[in-house]
1. Taking the Cα centroid of region 322-358 and of region 165-181, what is the distance between the two, rounded to the nearest whole Å?
2. List the lysines whose Cα sits under 25 Å from the Cα of LYS481, skipping any in the same chain fewer than 8 residues away.
3. Checking a compactness column here: for the chain, what do you get for Rg(Cα) / (2.2 N^0.38 Å), N being the number of residues?
4. Which semi-axes, in whole Å and largest first, does the equivalent ellipsoid of region 154-282 have when worked out from the alpha carbon gyration tensor as the square roots of 5 times its eigenvalues?
5. What trypsin sites (Lys or Arg not before Pro) in region 173-224 are in a loop by DSSP, with at most 16 other Cβ atoms within 10 Å of the Cβ?
6. Using alpha carbon coordinates only, what is the Rg to Rh ratio of region 202-254, with Rh defined as the Kirkwood radius?
7. May I have the pair-distance distribution P(r) for region 287-456, computed from all Cα-Cα distances with 5 Å bins from 0 and rounded to whole percent?
8. Over region 161-275, give the accessible area per residue in Å² for a 1.4 Å probe, as an integer.
Amino acid sequence: MNEAIRSIKKLNTSLTNNQKEIEQVFSYCQDVNFQDWQYGASFQYEALSIYCASLASYTTHLLQQALEHLAAYTSENWNSVTPEKLEACMSISNTALQPFVVIDEYDKILDLVMNGYIIILFDQIGKALAFESGSTAQRQVTEPVNEPAVHGPREGTVENMNSNLGMIRQRLRTPDFKVEFLQVGKVIKNKVGFGYLDQAVNTNVLLEFRKRIVSIVDYEVLETSYIEDWIEESTLTPFPQVRYTERTDTATAALLDGKIIVLVENSPMIMICPALLVDFMGTAEDYYIRSVFATFIRFLRLLAFIIALTLPSIYIALSTFHPELIPTVLLLAIVDSREGIPFPAFVEALIMEISFELLREAGIRLPRTVGSAVSIVGALVIGQAAIMAKIASPFMVIVVALTGIASFAIPHYDMAIALRVLRFPYMIAASMLGGYGLMVVFLLTLLHLTCLQPLGEPYLSSLAPFKFRDLRDIFVRVPLKTMLKSPRNRRLYRSGNKE
């Protein structure tokens, strides 16, 4: 902030001096407009309006509307209002002047202008009026792009925090839904909010979360994912410890489950924490379809999880170290397909996996109209060309393709990326030690997962330590009537006891 403003905290009674100081701060900010006004019986009094054109919706009848509103409290006609009457009116009660807010500090004026407010300053008065104008155009509520659903609500989050909170409030019409805000950053001064359901959230988790969230106040937070480094237990693990959603029904279900949600102004993503391993196996749509179908889909996801993580490494281990475990007919087919391949199975798999990852990343970054076509055509062309050039065998192409399809079946993008990264250490271990290497890496992964405790919650909670009741909503989704009182809340909201 400008040094001149720092040295002068309160507004001056001289409108000229106030305008000079504020214009100095907003120099070269050509979207911040200053407009002079006159009012009174003979238009002998001066006023000044300040607003940011890129943030506020401005009206030319602004001053007249403001004076008409104030005249109602002075029992005078608006064109006979004087500075003395205005100041007396503003001194009575701030709440009586709604929708206006009375301010008398420079730094407050600067903050409100940058938040889309319109400021009115009057000559001979050391106070100003501020009111929130209509905001600029924003994206409308539409169906989430990254989380489509066959059943269930279609509304997705937008870049306005109040709109997102409003959609959640429509689902949680209870004062037990608590929302707290804090301002972060020394330059952008963005607003961050977090919410939780009282008596459903774990108090120890909430205390730890508050301890970590306050450490971000000095950092410039542009998007919700910026906060992840401060919330998660370890920044080096590939496994995500928070999850994101663009669906307000998913956020509501997480609140009922005792989670904490985090929102950032100008970001549509809602962070849900803490996220446990079992949370990445389900979606909100699992509760909108019949339990038999939901259970079947969850088992498919579990199979996809195993395939995406281990299939290339299992193929490398079997074909290189344990061919006796492969049926004879299949082994002969594999040997025949690998005839003329100049690379070992590990190098062959590495080439195909890297090629597939490059194609996948290219398909994401390209425009949507051509991205999917490039991914599909590229995979077909490269796969066929690799077979014809004797760089890869048909079996390896099938393994890589199945692995890629399985990773697409993981409903959460962050977990899918974690599996894509972990796949390569598994392949290296399989190429060096075969099945023994796979077992060692798997045990190390399991040991690492047991050590993770995001916000104090065990990452393998419900699985280790094992809780039989929680299995009703992990791999199997039993009928809702046999689950807890609140289907998504394992802590039994309000009662605090299990069934």
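1. Rounded to whole Å, the Cα centres lie 55 Å apart.
2. Result set, ordered by chain and number: LYS259, LYS467, LYS498.
3. My calculation over the Cα atoms of the chain gives 1.31.
4. On the way: eigenvalues 79, 66, 44 Å².
Ellipsoid semi-axes (Å, largest first): 20, 18, 15.
5. On the way: sites: ARG173, LYS178, LYS186, LYS189, LYS191, ARG210, LYS211, ARG212; in loops: ARG173, LYS186, LYS189.
Here the trypsin sites (Lys or Arg not before Pro) that fit, given the DSSP loop and packing criteria, are ARG173, LYS186, LYS189.
6. Numbers: Rg = 12.4 Å, Rh = 12.7 Å.
The Rg/Rh ratio comes out at 0.97.
7. Reading upward from the zero bin: 1, 8, 14, 18, 19, 16, 12, 7, 4, 1, 0.
8. Numbers: 4560 Å² over 115 residues.
On a per-residue basis, region 161-275 sits at 40 Å².
The values are calculated or read from the model by the stated rules, or taken from the named source; none is laboratory data. Predicted, not measured: the structure shown is a model, and the values here were computed from it. A quick note on method: Cβ atoms are made from the backbone with ideal geometry, for glycine too, and the neighbour counts reach across all protein chains shown. These accessible areas exclude ligands, DNA and RNA; they are computed on the full protein's heavy atoms, side chains included. Shrake-Rupley method; radii C 1.70, N 1.55, O 1.52, S 1.80 Å.
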